[in-house]
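The numbers here are math on the coordinates, done by the rules we state, and not lab data. This is a predicted model, so every value here is computed, not measured. No Cβ is skipped: glycine too gets one built from the backbone with ideal geometry, and neighbour counts run over all protein chains shown.
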Amino acid sequence: MIGHYWIGWIWAIVAAPFIGSFIGVLVQRLPAGMPVMFARSACPHCDRQLSPTDLVPVASWLASGGRCRYCATPLGLFYPGIEVAALGVAVWAAVALPDPVLIWAGCMLGWSLLGGAMVDSRHLMLPDILVLPLIPAGILLHGWLATDVWIDHLAGALIGFALFAVISLVYRRLRGREGLGLGDAKLLAAAGAWVGWVGLPSVVLFGAVFGLAMALVMRLTGRDVGRVTELPFGPALALAFWLVWLYGPLVPA
Ligand SMILES: [Zn+2]
């Protein structure tokens, strides 16, 4: 079965930069309500439609010196960055997981979380289309891997959603403004579907620690982070979700 394993992860690594490129399109277009499928990519500056040779991940960007081939506008690091990040997810999954099915499941999870975290950090919203499919996917995958525990994953999804939805509701009643969005509740539901209810406390704990660390870094780098600044919680929660799914929850000694 060694051959099987290698084929699984080599395909994931080959596909990753192209998926990253697609995630980049999602991040740019989902919040604006623009069509995602069947829309040709165009330079945001000169509107020239890009040809397939302009769309090879990372390589096209390097070949054109990071500029549009037609109008020479710098294209920024967004696309090559997200393509490299998607490749990083695939390599991480391939290193951490034992078999091709899990590696592919891990890639799908990691790529969805990467896209969700990117959209949240730019637009303070988590798109349903990236988060909600993770809920049935997590329950089905774990049900299929070990048929006796799928109920733990269903319970995880329900408890995860209920926990953040209640906090969100209470906060809004008390403070009169949004503290925790329903997007975060859906993401915690997805986390519960993947790590089971047993893993939820670890996801919430790590998410809170990463969220505070991110706020601290933003403050230290000179950004104004006050008591009412809206910070995206999605990226911190997504990272916690990923780590707990890969390495398991904290176990009390
Ligand atoms: Zn251009």
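Things worth noting here:
- With contributions of -39500 (n - 2.57) from each DSSP H run of at least four residues, the per-residue ellipticity at 222 nm computed over the chain stands at -23000 deg cm²/dmol.
- Segment 150-231 - charge dipole about Cα centre, Lys and Arg +1 at Cβ, Asp and Glu -1, debye rounded to 20: 340 debye
- Charge tally around Cys43: other residues with Cβ under 9 Å, Lys/Arg +1 each, Asp/Glu -1 each, net 0.
- Each Cα pair of the chain feeds into the Kirkwood radius, which the Stokes-Einstein equation turns, at 4 °C and 1.567 mPa s, into a diffusion coefficient of 66 µm²/s.
- Size of electric dipole in the chain: Cβ of Lys, Arg +1 and of Asp, Glu -1, about Cα centre, debye, nearest 20: 760 debye
- Taking amide H as placed 1.01 Å from N in the peptide plane, Arg67 has its amide H under 5 Å from the amide H of Leu75, each at least 5 places away in sequence or on another chain.
- Here Phe22, Phe78 are placed in order of increasing Cβ neighbour count within 10 Å, fewest first, which gives Phe78, Phe22.
- Look at the dipole of segment 1-98 built from charges on Cβ: of Gly88, Pro35, Phe22, the Cα furthest out on the positive end belongs to Pro35.
- At least 24 Å along the helix axis (C-alpha) and Kyte average at least 0.0, DSSP helices within the chain: 2-29, 78-96, 100-123, 150-175, 182-220
- Likely footprinting exposure, Met214, Met118, Met34, fewest C-beta neighbours within 10 Å first: Met34, Met214, Met118
- Of the residues Ile159, Met125, Val217, the one whose Cα sits farthest toward the positive end of the charge dipole of segment 124-253, with +1 on the Cβ of Lys and Arg and -1 on the Cβ of Asp and Glu, is Val217.
- q = 0.25 Å⁻¹, segment 1-98: log10 I(q)/I(0) [Debye, one scatterer per Cα]: -1.33
- Gyration tensor verdict on segment 161-211 (Cα atoms; rounded if a/c is under 1.5, prolate if a/b is larger than b/c, oblate otherwise): prolate
- Given charges at beta-carbon only (K, R positive; D, E negative), |dipole| of segment 1-98 in Debye: 180 debye
- Taking Cβ atoms as reference points and 14 Å as the exclusive limit, the residues near Ala165 contribute a net charge of +1, counting Lys and Arg as +1 and Asp and Glu as -1.
- Counting beta carbons within 10 Å around each of Leu212, Leu220, Leu130 and listing the fewest first gives the order Leu220, Leu212, Leu130.
- Dipole of segment 99-189, positive direction: furthest Cα of Pro100, His142, Gly110, with charges on the beta-carbon: Gly110
- Classified by the C-alpha gyration tensor, segment 56-146 has an oblate form. Its axis ratio a/c, with a ≥ b ≥ c, is 1.5 or above, and a/b does not exceed b/c.
- The chain: most fluctuating residue of Ala185, Ala137, Ala42 per GNM, C-alpha cutoff 10 Å: Ala42
- When the chain is treated as a GNM with alpha-carbon contacts under 10 Å, the residue of Ile129, Ile19, Ile82 showing the greatest mean-square fluctuation is Ile129.
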